[in-house]
Protein chains: 2
Amino acid sequence: MTKPNIPKGTRDFGAIEMARRNYIFSTVRSVFERFGFRQIETPAMELMTTLMGKYGEEGDKLLFRIQNSGEKAALAPEKGLRYDLTVPFARYVVQHQAELTLPFRRYQIQPVWRADRPQKGRYREFYQCDVDVIGTDSLVSELELIQIVEEVYHTLGIRVCLHLNNRKILAGIAEIIGEPDKIIDITTAIDKLDKIGQDKVNEELLERGLSQEAVQKLQPILSLSGSNSEKLDTMASLLADSETGSKGIEETKRILGLCKATGVNLPIELDLTLARGLNYYTGAIFEVKALDVQIGSITGGGRYDNLTGIFGLPDISGVGISFGADRIYDVLTELNLYPEAMGSTEVMFAAFGQQELEYALRWATALRKAGKRVEVYPEAAKMKKQLAYANAQQVPFVAVVGGNEMETNTVMLKNMLSGEQQQVTLEQLTSMI
Amino acid sequence: MTKPNIPKGTRDFGAIEMARRNYIFSTVRSVFERFGFRQIETPAMELMTTLMGKYGEEGDKLLFRIQNSGEKAALAPEKGLRYDLTVPFARYVVQHQAELTLPFRRYQIQPVWRADRPQKGRYREFYQCDVDVIGTDSLVSELELIQIVEEVYHTLGIRVCLHLNNRKILAGIAEIIGEPDKIIDITTAIDKLDKIGQDKVNEELLERGLSQEAVQKLQPILSLSGSNSEKLDTMASLLADSETGSKGIEETKRILGLCKATGVNLPIELDLTLARGLNYYTGAIFEVKALDVQIGSITGGGRYDNLTGIFGLPDISGVGISFGADRIYDVLTELNLYPEAMGSTEVMFAAFGQQELEYALRWATALRKAGKRVEVYPEAAKMKKQLAYANAQQVPFVAVVGGNEMETNTVMLKNMLSGEQQQVTLEQLTSMI
């Protein structure tokens, strides 16, 4: 019989990986809840009518379709696995609008599935951690998402920089230089500034069909420098004639002002090259990068004004960000930032015989009632075997029970790292671990 | 545009439902971890070769098959959604055997999918919470699972009775009465004893093809009564000639003995009608029923000796139980046993103007750093609207900020239940919530 396997692009998570993943999930969850966000969950499968056409032509091809084995495919409505948490969230809001009080603050931590070609760091099943406020256009929500980023990465110990942009600024630039349809070409070119320099960028812009005049007008933006407020001042005068652009500047100033007023302690960089999800975002755009690991964006998001419009409920503004659990996992691993011995057994009992085993079970029961995490090796096996198991599980303490311990109502507590041993009572053990 | 919907048999979980579900999951998780169980997760999709033939012919028909949209179905190996957590666990153990130290103690809390006809209380997507020890035949594991049941339901406040049986006892009975192939017929008939009485059961047994003599021999078992130990004593003499049956009696006595030795405080009833998963379990069989709600089994499991055999790794004994989150949810709801205000916002700030809003944001930041769950209504909207939102979210306290509060460095704290108001400082507020 061949060894069983799992579908390509999917993963099993063992005990150590799960403890680490849970550490990430419980950290973001606890921060989300401190900001009054409430969790929802949606089904793994959505109707194909909900999913199709929402992710572009390429996205449609990456949807996993579901078929009932026992049902004639033609009879049941087509279903697919969710591709992200955003479309199900929009569907949820529209479907449940009568029950919801706006603004609605929700978070959602669930897996999504994409039939992408699997490769290093890209999986067909992976978790997203999304947090969104929908039903208000107040920039206080942008502030709170930035505070959440600050708090999550502060708690995890990851140094990050938050890149901030605004779709309205990009629209303003395109408008001012007379190329309102070329936002994407412009941002793509600007994005290469660091790598290829201003001259090459200009060449590329001309190749992309921008006029000589438009490229000329873009030069002050390409050579923008200084602090965020210096950049914003320059941009403000450049975009003075664009209502949209000026609005974008104003929003960005307000967000940065709120950050300052509440003491946000996070490097924030105004970054005009930031254009993620451009045909989707309408205001602020966020991206978070780790400072000490080269891994790309570990959190991102922005404001959208028409998320629920695709399901017939227009004019609901929202803003949200998504934490990438897999990349955060890799960053924590690379920087060795996991707390030690997360959630694992604090002490294991090892007994020399059947009577000792029952004695150990009574102690274990008492310790668990005191909230301790306790294992009892289930057999009175050879002590060497029991200790090898404890070592493999990285259990820090083993409480050995023999006849002598039973007589004196103690256990022999062995520190598995140092090898030290000492005879202790139940009370001593309870307070030690 | 028609209102969007979700596939039949699936569910959205809103904020209140999720808080309740998380309460159940975090309770079982914390108990599992106190017993040294470690979490694993397996992918939602498994290869069809892993799933097919494991759940009987009926089960095969209930598998959801998955197809990549962009991939020719003929090229990719067939995949399906997992049907339970047991087969993926067996696959996991065999696939990762080189990395595992036995005994392996794992728990797993994940959704499963079945293309069952949806009906009240039966869903196509539902969570299972499984906990298993594999790689030891020690009855200490049975004890620990019983202790887990005790601890979980004690924590949740649900009064339960644990029904205990043993496949070997059932095999012994069938053997003794000379009908070794009729275990299922016998237990099915015995199961109706309460409803239809001994005479009708006898009739049914004859109809099912048992000999007159076999039915006669079964009578002492049908009229079995008394305490667990009285029943066991009667059974011991009845099954004295069956090696298997005697082994089953001995195992059950040992399990009950261990429960007594460790002070398990849980009604346990020896129940010979218990036959769940009979072609699967080889030793102890468990089922837990709520005493105060008529809902059937809320937890069940047993010992199996050949789980991994289906994937080519024979002779590994294990024992496990599964908690049914959906039914536990219904029991807690019916008995009104949820703690109040789980994980939700402790205080919401409501500001009269923009300056007040910034003041509120600074207070909120300070309170969150102290670990409090705080919301700020994101707009300086009409106070009535802000309070209505707080009411809808069941926020217990609203901190109202106007000019007077800003001057005196306080907030007006409103108790949303009693309507009482008092002016408090930040320190007072921090210690009050």
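May I ask you to say which residue of B:Gly172, B:Gly178 is in contact with a helix residue (DSSP H, G or I) (Cβ under 7 Å, 6 or more places away or on another chain), more than 30 Å from B:Asn22 (Cβ to Cβ) and crowded, with 22+ Cβ neighbours inside 10 Å? Full working, then the answer.
Values: B:Gly178 fails: crowded, with 22+ Cβ neighbours inside 10 Å.
Among B:Gly172, B:Gly178, only B:Gly172 is in contact with a helix residue (DSSP H, G or I) (Cβ under 7 Å, 6 or more places away or on another chain), more than 30 Å from B:Asn22 (Cβ to Cβ) and crowded, with 22+ Cβ neighbours inside 10 Å.
Would you mind finding the one in B:Arg91, B:Arg11, B:Arg105 that is under 30 Å from A:Thr101 (Cβ atoms), among the basic types (Lys, Arg) and modelled with pLDDT of 95 or more? Steps first, please.
On the way: B:Arg91 fails: under 30 Å from A:Thr101 (Cβ atoms); B:Arg105 fails: under 30 Å from A:Thr101 (Cβ atoms).
Going through B:Arg91, B:Arg11, B:Arg105 in turn, the sole match is B:Arg11.
Would you check if B:Ile173 is closer than 28 Å to B:Glu251 by Cα, more than 14 Å from chain A (Cβ to nearest Cβ) and β-branched (Val, Ile, Thr)? So that I can check it myself, show each step before the final result.
Working: closer than 28 Å to B:Glu251 by Cα: yes; more than 14 Å from chain A (Cβ to nearest Cβ): yes; β-branched (Val, Ile, Thr): yes.
Yes; evaluated as a whole, the condition is true for this residue.
Please give the helices (runs of 4 or more DSSP H) falling wholly within the range B:203-277 in which 3 or more residues are within 14 Å of another protein chain (Cβ to nearest Cβ), touching a residue at least 24 places away in the same chain (Cβ under 8 Å) and within 32 Å of the chain's Cα centre (by Cα).
Numbers: elements: B:212-222, B:228-238, B:243-261.
Here the list reads B:243-261.
Condition check: in contact with a Phe, Trp or Tyr (Cβ under 8 Å, 6 or more places away or on another chain), surrounded by fewer than 18 Cβ atoms within 10 Å (Cβ to Cβ) and either under 23 Å from B:Leu139 (Cα atoms) or not polar (S, T, N, Q) (or both). Does A:Met412 satisfy that? If you could, list the steps in order and put the result at the bottom.
Values: in contact with a Phe, Trp or Tyr (Cβ under 8 Å, 6 or more places away or on another chain): no; surrounded by fewer than 18 Cβ atoms within 10 Å (Cβ to Cβ): yes; either under 23 Å from B:Leu139 (Cα atoms) or not polar (S, T, N, Q) (or both): yes.
No.
So for the range A:77-97 (the condition being surrounded by fewer than 24 Cβ atoms within 10 Å (Cβ to Cβ) and in a strand (DSSP E or B)), does at least one residue qualify?
no
Any residue in the range A:142-157 that is within 14 Å of another protein chain (Cβ to nearest Cβ), polar (S, T, N, Q) and closer than 30 Å to A:Thr27 by Cα? Explain how you work it out, then say what you get.
Pass one, the range A:142-157, residues within 14 Å of another protein chain (Cβ to nearest Cβ): A:142-152, A:154-155.
Those still in the list that are polar (S, T, N, Q) too: A:147, A:155.
With the extra rule that they be closer than 30 Å to A:Thr27 by Cα, the set shrinks to A:147, A:155.
The answer is yes, given that some residue of the range A:142-157 is within 14 Å of another protein chain (Cβ to nearest Cβ), polar (S, T, N, Q) and closer than 30 Å to A:Thr27 by Cα.
Table: residues versus (1) assigned to a loop (DSSP other than H, G, I, E, B); (2) more than 9 Å from chain B (Cβ to nearest Cβ).
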position	(1), (2)
A:Pro4	yes, no
A:Pro7	yes, no
A:Arg11	yes, no
A:Met18	no, no
A:Arg21	no, no
A:Ile24	no, yes
A:Phe32	no, yes
A:Thr50	no, no
A:Gly59	no, yes
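To keep it simple, each residue is scored yes or no on (1) touching a Pro at 6+ places or on another chain (Cβ under 8 Å); (2) within 14 Å of chain A (Cβ to nearest Cβ); (3) among the aliphatic types (A, V, I, L, M).
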residue	(1), (2), (3)
B:Leu387	no, yes, yes
B:Gln393	no, yes, no
B:Val400	no, no, yes
B:Gly403	no, no, no
B:Thr408	no, no, no
B:Gln422	no, no, no
B:Glu427	no, no, no
B:Thr430	no, yes, no
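Of the residues B:Tyr338, B:Tyr377, which is within 14 Å of another protein chain (Cβ to nearest Cβ), hydroxyl-bearing (Ser, Thr, Tyr) and under 30 Å from A:Gly318 (Cβ atoms)?
Numbers: B:Tyr338 fails: within 14 Å of another protein chain (Cβ to nearest Cβ).
Result: B:Tyr377 is the single residue among B:Tyr338, B:Tyr377 that is within 14 Å of another protein chain (Cβ to nearest Cβ), hydroxyl-bearing (Ser, Thr, Tyr) and under 30 Å from A:Gly318 (Cβ atoms).
With respect to the numbered conditions (1) closer than 23 Å to A:Ala236 by Cα; (2) part of a helix (DSSP H, G or I), which one is the sole condition not fulfilled by A:Glu179?
(2)
Identify the residue in the range B:111-134 that is within 19 Å of the chain's Cα centre (by Cα) and among the charged types (D, E, K, R) and, among all such residues, is nearest to the other protein chains (Cβ to nearest Cβ).
B:Glu125
For the structure I just gave you, tell me whether B:Ser211 is surrounded by 13 or more Cβ atoms within 10 Å (Cβ to Cβ), closer than 17 Å to B:Leu170 by Cβ, at pLDDT 90 or above and in the same structural domain as B:Val140 (by TED's automatic domain parsing). Don't jump to the end; show me each part of the working.
Working: surrounded by 13 or more Cβ atoms within 10 Å (Cβ to Cβ): yes; closer than 17 Å to B:Leu170 by Cβ: no; at pLDDT 90 or above: yes; in the same structural domain as B:Val140 (by TED's automatic domain parsing): yes.
No.
If you take the residues in the range B:278-292 that are in contact with an Asp or Glu (Cβ under 7 Å, 6 or more places away or on another chain) and assigned to a loop (DSSP other than H, G, I, E, B), which one is farthest from B:Cys161 (Cα to Cα)?
Going residue by residue through the range B:278-292, those that are in contact with an Asp or Glu (Cβ under 7 Å, 6 or more places away or on another chain) are B:282-284.
Now narrow it down to the ones that are assigned to a loop (DSSP other than H, G, I, E, B): B:282-283.
Values: B:Thr282: 22, B:Gly283: 20 Å.
Only one residue tops the list, namely B:Thr282.
Can you pull out every residue in the range B:319-335 that is within 14 Å of chain A (Cβ to nearest Cβ) and in contact with a helix residue (DSSP H, G or I) (Cβ under 8 Å, 6 or more places away or on another chain)? Break it down stepwise before answering.
First, pick out the residues of the range B:319-335 that are within 14 Å of chain A (Cβ to nearest Cβ): B:319-320, B:325-326, B:329.
Within the range B:319-335, B:Val319, B:Gly320, B:Ala325, B:Tyr329 meet the criteria.
Go over the candidates A:Tyr127, A:Tyr123 one by one and state the one that is over 29 Å from A:Leu313 (Cβ atoms), hydroxyl-bearing (Ser, Thr, Tyr) and surrounded by fewer than 21 Cβ atoms within 10 Å (Cβ to Cβ).
On the way: A:Tyr127 fails: over 29 Å from A:Leu313 (Cβ atoms).
Among A:Tyr127, A:Tyr123, only A:Tyr123 is over 29 Å from A:Leu313 (Cβ atoms), hydroxyl-bearing (Ser, Thr, Tyr) and surrounded by fewer than 21 Cβ atoms within 10 Å (Cβ to Cβ).
Does the range B:341-361 include one or more residues that are at pLDDT below 95, more than 14 Å from chain A (Cβ to nearest Cβ) and over 18 Å from the mean Cα position of the chain (by Cα)?
Taking every residue of the range B:341-361 in turn, none turns out to be at pLDDT below 95, more than 14 Å from chain A (Cβ to nearest Cβ) and over 18 Å from the mean Cα position of the chain (by Cα).
Taking only the range B:96-110 into account, find how many residues are facing another protein chain (nearest Cβ under 8 Å) and free of Cβ contacts under 8 Å to residues at least 60 places away in the same chain.
So the answer is 4.
Give just the number: which of (1) part of a helix (DSSP H, G or I); (2) in contact with a Leu (Cβ under 7 Å, 6 or more places away or on another chain) does A:Asp194 not satisfy?
Condition not satisfied by A:Asp194: (2).
Any residue at all in the range A:35-55 that is under 30 Å from B:Phe349 (Cα atoms) and among the aliphatic types (A, V, I, L, M)?
To start, the set of residues in the range A:35-55 that are under 30 Å from B:Phe349 (Cα atoms) comprises A:35-42.
Remaining after also requiring among the aliphatic types (A, V, I, L, M): A:40.
Yes, the conditions are met somewhere in the range A:35-55.
The values are calculated or read from the model by the stated rules, or taken from the named source; none is laboratory data. Please read these numbers as outputs of a predicted model, since none were measured by experiment. Every residue, glycine as well, gets a Cβ built from its backbone with ideal geometry; the counts of neighbours run over all protein chains shown.
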